[in-house]
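Contents: one structure, followed by commentary.
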Amino acid sequence: MKTGFVYDDIYLKHDNAAHPENARRLEAIMAYLGKKGTLKQLIPIKPCPATIEELLWVHGEQQIASVRQAAQEGDAWLDPDTYVSPGSYDAALYAAGGTIKATEAVIDEEVNNAFALVRPPGHHATRRRAMGFCLFNNVAVAARYALARCERVLIIDFDVHHGNGTQEAFYDNPQVLYISMHQHPHYPGTGSIKETGSGAAMGTTLDIPLPAGCGDDEYRLVFEQIIVPAARRFKPQLILSSAGYDSHWMENLAMMRVSVSGFAWMVQVIRELADDLCSGRLIMALEGGYNLDALSASVKATFDVLLGNPGVEDPLGESPHDFTAPDIKTLLRDIKKIHNLV
C-alpha cells in the first residue's frame, strides 16, 4: 500500500504559542512519527501554494484579502478565536495547496491514499470570513479541484466541531455529500439534523449532532447505521475526510470520549468504503486535535490503517473517567427517517 503524506515546515510559520492551535501540534506529530518509524513507510508529497483562482472556488476576494492584509501587518486577531501571525497567509496558501496536491496524487495513482498534515485547519472558514482557528477551507478547495476530475465526492468530517464552512461551500451542490458528526450544542452552533441541503442538493448534507459524552460505542453506531449506508447509496468516486482528533477523551476543548483505537476503527471503515466504492481514492486532511499526546498517537494510528499495518497502538487507552453513555437511538432513528435510510 502506497500512502502519501504532505508536510512542510512552512506550516509552522502560522503560530501563536498561547493559542491551542499552534506550531507545536505539527512538531509533536512529526517527532512521534519519526520516533515510531512511520515516516520511513510514507511517500512524501511536496506541497505548493494554492493560487488565488483556486481559493476563489470557495472564498470571496475580500475574505482572501483580509487574511493577506492582516498577516502583512503582523500579529493580529480576525475574531476572538482566530489569529494571524506574519507567516500565516503563506502557511494557509500552502495548506490549501498541499491538500490539492494530495488529492492530485491520489487521482493520478501516484499513491493509493494520502494524509495532508497541514495547518492552519480549514473546515470553519466560510466564503466571507475566517473563523474557528481556520483561515482557508483546505478540504473544500480540494473537493472543488476533485470535481473537475470526477462527478461525485464524499466528505466525511469527524472533527468534534461542525464544519460549517465546508457545509456552506456545498449546500446547494448535489455532487458532494457532506457528512459531519460533531458535539452539539458546541461551537459553532450549526449542524442540526434539519440542515440537509437546498434545491437539487436536498439530502446531500447529513449532519449528526451528538450529545456530549459519546465515545467509541456511539461513534460505531453512527458509522454502522448512518454513514456507511449513506455513503454506499451516494457511490462517491473519491472520499475526502476532515480528520479532527479533538473528540479524544483527553481533550479540554470538548466533552467526548473517543480513544485512539476508536479513531483507528473509524478510519478503517472510511478506508474500506473507499476501497469498495472508489478504487481506494481517499485523502485525509488534518483539522483539530490539541492534546499533543492524543493527537500524535491518533495520527500515527491513522497512518497505520492507511498503510495496512497490522495492529494499532493505543498508548492512552480508554477514558478512566466515569461517564454515563448518552442514548443516541432516538437521534439515529430521526436521522434515518429524514434521509430515507430506514
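The values are calculated or read from the model by the stated rules, or taken from the named source; none is laboratory data. Remember, it's a predicted structure, so these values are computed and weren't measured experimentally. Please note: Cβ atoms are built from the backbone with ideal geometry, for glycine as well, and neighbour counts cover all protein chains shown.
Annotations
- Within segment 53-83, if we keep just the residues that are surrounded by 12 or more Cβ atoms within 10 Å (Cβ to Cβ) and among the acidic types (Asp, Glu), the residue that is farthest from the chain's Cα centre (by Cα) turns out to be ASP75.
- Scanning segment 31-43 for residues that are of a type outside the set (Gly, Ala, Ser) and either surrounded by 12 or more Cβ atoms within 10 Å (Cβ to Cβ) or in contact with a Cys (Cβ under 6 Å, 6 or more places away or on another chain) (or both) yields TYR32, LEU33, LYS36, THR38, LEU39, GLN41, LEU42, ILE43.
- Condition check for ILE10: hydrophobic (A, V, I, L, M, F, W, C), within 14 Å of ALA91 (Cα to Cα), in contact with a Phe, Trp or Tyr (Cβ under 8 Å, 6 or more places away or on another chain) and in contact (Cβ under 8 Å) with a residue 24 or more places away in the chain: yes
- In segment 250-298, the residues that are crowded, with 22+ Cβ neighbours inside 10 Å, of a type in the set (S, T, N, Q) and assigned to a helix (DSSP H, G or I): SER296, SER298
- Tabulated pairs, segment 38-65, first more than 18 Å from PHE170 (Cα to Cα), second part of a loop (DSSP other than H, G, I, E, B) and among the hydrophobic types (A, V, I, L, M, F, W, C), C-beta under 6 angstrom, 6+ apart or interchain: ILE43/VAL111
- Just one of the listed residues (ALA105, ALA116) is closer than 20 Å to GLU54 by Cβ and within 14 Å of the chain's Cα centre (by Cα), namely ALA116.
- Selected residue (only one of GLY4, GLY37 is more than 30 Å from ASP79 (Cβ to Cβ) and either part of a loop (DSSP other than H, G, I, E, B) or acidic (Asp, Glu) (or both)): GLY37
- Cβ-Cβ under 8 Å pairs, at least 6 apart or on other chains, segment 191-204 side among the acidic types (Asp, Glu), far side in a helix (DSSP H, G or I) and modelled with pLDDT of 95 or more: GLU195/GLN167
- Within segment 105-117, restricting attention to residues that are in contact with a helix residue (DSSP H, G or I) (Cβ under 8 Å, 6 or more places away or on another chain) and under 22 Å from GLY244 (Cα atoms), the residue that is surrounded by the fewest Cβ atoms within 10 Å (Cβ to Cβ) is ASN112.
- All positions within segment 166-188 that are free of Cβ contacts under 8 Å to residues at least 60 places away in the same chain and either closer than 19 Å to GLY97 by Cα or part of a helix (DSSP H, G or I) (or both): GLN167, GLU168, PHE170
- Residues of segment 51-107 classified as in a helix (DSSP H, G or I), modelled with pLDDT of 95 or more and farther than 24 Å from LEU253 by Cβ, total: 28
- Across segment 183-239, the qualifying residues are those that are out of contact with any helix residue (DSSP H, G or I) (no Cβ under 9 Å at 6 or more places or on another chain) and hydroxyl-bearing (Ser, Thr, Tyr), and the one among them that is farthest from ALA169 (Cα to Cα) is TYR187.
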